[in-house]
Amino acid sequence: MIENRLARRVFMQRHGLLNPPGRKLGKAGLLEAIDRLGFVQVDSINTVERAHHMILLGRSQTYQPRHLKALVEKDRALFEHWTHDASIIPTSFYPYWQRHFARTTERLRGRWQRWHGYDFDAQAEGVLEHIARHGPVLARELNEPDPDRPRRQGWWAWHPSKKALEYLWRTGRLAVCRRDGFQKVYDLVERVIPEAHRHDGIDEAALVDWACRAALDRLGFATSGEIAAFWGIVTPAEARTWCAAAAHGAVITSIESADGSAPRKVLADAALLDLHSDDLAPPPRIRVLSPFDPLVRDRDRALRLFDFDYRIEVFVPEAKRRWGYYVFPLLEGDRFVGRIDMRAERGTGTLAVRRLWWEPGIRATRGRLGRLEAELARVARFAGCDRVRFDEHPGAS
């Protein structure tokens, strides 16, 4: 059995959280970091900065968003597509997504036809032809909403052209070439993805093997369900079959839990059996993590490894929230010590800390408060703010 302290440090190491956060990153280092993570989730909420920027800042205080923009929009070393959610992914992985597109197109086509009507194919082909002739488009540039229709929210209320754009993107016939504000700009795949990464050399078996190997490599240890969920491009059944073969330089073992639950049986990188927790020392500083950070994305895994019960309450009615609309986890060393509700008030150049909660058993010592204030000053600068304001004393819980 792998003891809990080693397990949590291995997971942090695989996600770039044991590296010195002050180490200069640069554009090449940023690409390497994203490759190591596998992907960076994209989300529209911008209370301080968007999720992908906060995830990368959590790994290096020298991260510069202009480098990410260049890697996506100029170098084409990264592309945007779907894993478990919208994400920025190394373009070197694109051949595996091509196989994913090929095997899911028919399933999606039938589903979207049932949702949107049997003239949907014609609508999609018309959108594709328009982009081929006229170049990249935003959804709003194709059609405005019908003013006679009642306004509704969600994907079911999209205009037919928006639905066609999303379908063509999800099935690999269009690509996102850039974002305008936060709106996707779509273009033909061949004008976005370099030719070297567009080939049909990946078969079903190669897709499953790569997806499972790459997920286990980035998780260190995992159940078959966690392996399947990592990329979201193989089924749970495929992951179970792959794990059952257990011939991948991996071993079946158990992971000690931190929350008092029974040890979890997992497939693990065999190299972990030769490690001790002292071999992997995390920086002692406090880090603000995004609610979508890969360390906490799988809430059940975060609970088992860190005894950190974290849920995002964006979709919880305000009166029923325990914490707040968009609360950031606080990581110190290899444990979560608190959570913080804050917002960048750019009009006044202020990072406003509305409330801070320390985890049970965590004391607001002078040293801990100093580390927190230093981290908040870094986040404030990144968000374009020149000061931090606490709306309640940081020692409160």
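The values are calculated or read from the model by the stated rules, or taken from the named source; none is laboratory data. Keep in mind it's a predicted model, so treat the numbers as computed, not measured. Cβ atoms come from the backbone with ideal geometry, glycine included; neighbour counts cover every protein chain shown. Protein only, heavy atoms only, side chains kept; ligands, DNA and RNA dropped before computing areas. Shrake-Rupley method; radii C 1.70, N 1.55, O 1.52, S 1.80 Å.
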- Note on the structure: Matching residues in the range 17-39 (at pLDDT 95 or above, of a type in the set (Lys, Arg) and either out of contact with any helix residue (DSSP H, G or I) (no Cβ under 6 Å at 6 or more places or on another chain) or open to solvent by less than 30 Å² (accessible area, probe 1.4 Å) (or both)) number 1
- Filter the range 373-388 for residues that are of a type in the set (Lys, Arg) and either surrounded by 15 or more Cβ atoms within 10 Å (Cβ to Cβ) or not in a strand (DSSP E or B) (or both) and give the result. ARG378, ARG381
- Item | Some residue of the range 309-316 being in contact with a helix residue (DSSP H, G or I) (Cβ under 9 Å, 6 or more places away or on another chain) and assigned to a strand (DSSP E or B) | no
- Note on the structure: How many residues of the range 21-73 are without any contact (Cβ under 8 Å) to a residue 12 or more places away in the chain and among the aliphatic types (A, V, I, L, M)? The answer is 1
- Note on the structure: Of the residues in the range 309-329, those that are out of contact with any Lys or Arg (no Cβ under 6 Å at 6 or more places or on another chain) and buried (at least 21 other Cβ atoms within 10 Å of the Cβ) come to GLY324, PHE328
- With criteria (1) open to solvent by 30 Å² or more (accessible area, probe 1.4 Å); (2) touching a strand residue (DSSP E or B) at 6+ places or on another chain (Cβ under 7 Å); (3) basic (Lys, Arg), ARG285 comes up short on (2)
- Does the range 77-91 contain at least one residue that is at pLDDT below 95 and closer than 14 Å to SER290 by Cα? no
- Item | Criterion (open to solvent by 40 Å² or more (accessible area, probe 1.4 Å) and under 20 Å from the mean Cα position of the chain (by Cα)) met by exactly one of GLY201, GLY249, GLY181, GLY260 | GLY181
- Query: Just to be sure, is SER290 over 28 Å from THR47 (Cα atoms) and among the hydroxyl-bearing types (Ser, Thr, Tyr)?
  - Reply: no
- Message: Can you go through ARG9, ARG36, ARG23 and tell me which one is among the charged types (D, E, K, R), out of contact with any strand residue (DSSP E or B) (no Cβ under 9 Å at 6 or more places or on another chain) and within 20 Å of PHE336 (Cβ to Cβ)?
- Response: ARG9
- Item | Any hit, the range 253-260, residues being at positive phi and out of contact with any helix residue (DSSP H, G or I) (no Cβ under 8 Å at 6 or more places or on another chain) | yes
- Message: Among the listed residues GLY361, GLY370, identify the single one that is over 28 Å from the mean Cα position of the chain (by Cα), of a type outside the set (S, T, N, Q) and open to solvent by 50 Å² or more (accessible area, probe 1.4 Å).
- Response: GLY361
- Does any residue in the range 226-239 that is closer than 13 Å to VAL266 by Cα come within less than 8 Å, Cβ to Cβ, of a residue that is of a type in the set (Phe, Trp, Tyr) and assigned to a helix (DSSP H, G or I) six or more places away or on a different chain, and which pairs are these? ILE227/TRP242
- Looking only at the range 274-297, count how many residues are part of a loop (DSSP other than H, G, I, E, B), within 20 Å of LEU219 (Cβ to Cβ) and not small (Gly, Ala, Ser). 12
- Query: Given ALA244, ALA229, ALA196, which one is more than 24 Å from ILE34 (Cβ to Cβ), open to solvent by 10 Å² or more (accessible area, probe 1.4 Å) and either among the aliphatic types (A, V, I, L, M) or in a strand (DSSP E or B) (or both)?
  - Reply: ALA244
- Note on the range 40-62: residues open to solvent by 20 Å² or more (accessible area, probe 1.4 Å), farther than 19 Å from PRO283 by Cα, part of a loop (DSSP other than H, G, I, E, B) and of a type outside the set (A, V, I, L, M) are ASP43, SER44, ASN46, GLU49, ARG50
- Identify, by number, the condition in (1) among the acidic types (Asp, Glu); (2) assigned to a loop (DSSP other than H, G, I, E, B); (3) open to solvent by 40 Å² or more (accessible area, probe 1.4 Å) that ASP300 doesn't meet. (2)
- Of the residues that make up the range 96-104, is at least one among the basic types (Lys, Arg) and either closer than 30 Å to ASP121 by Cβ or open to solvent by 60 Å² or more (accessible area, probe 1.4 Å) (or both)? yes
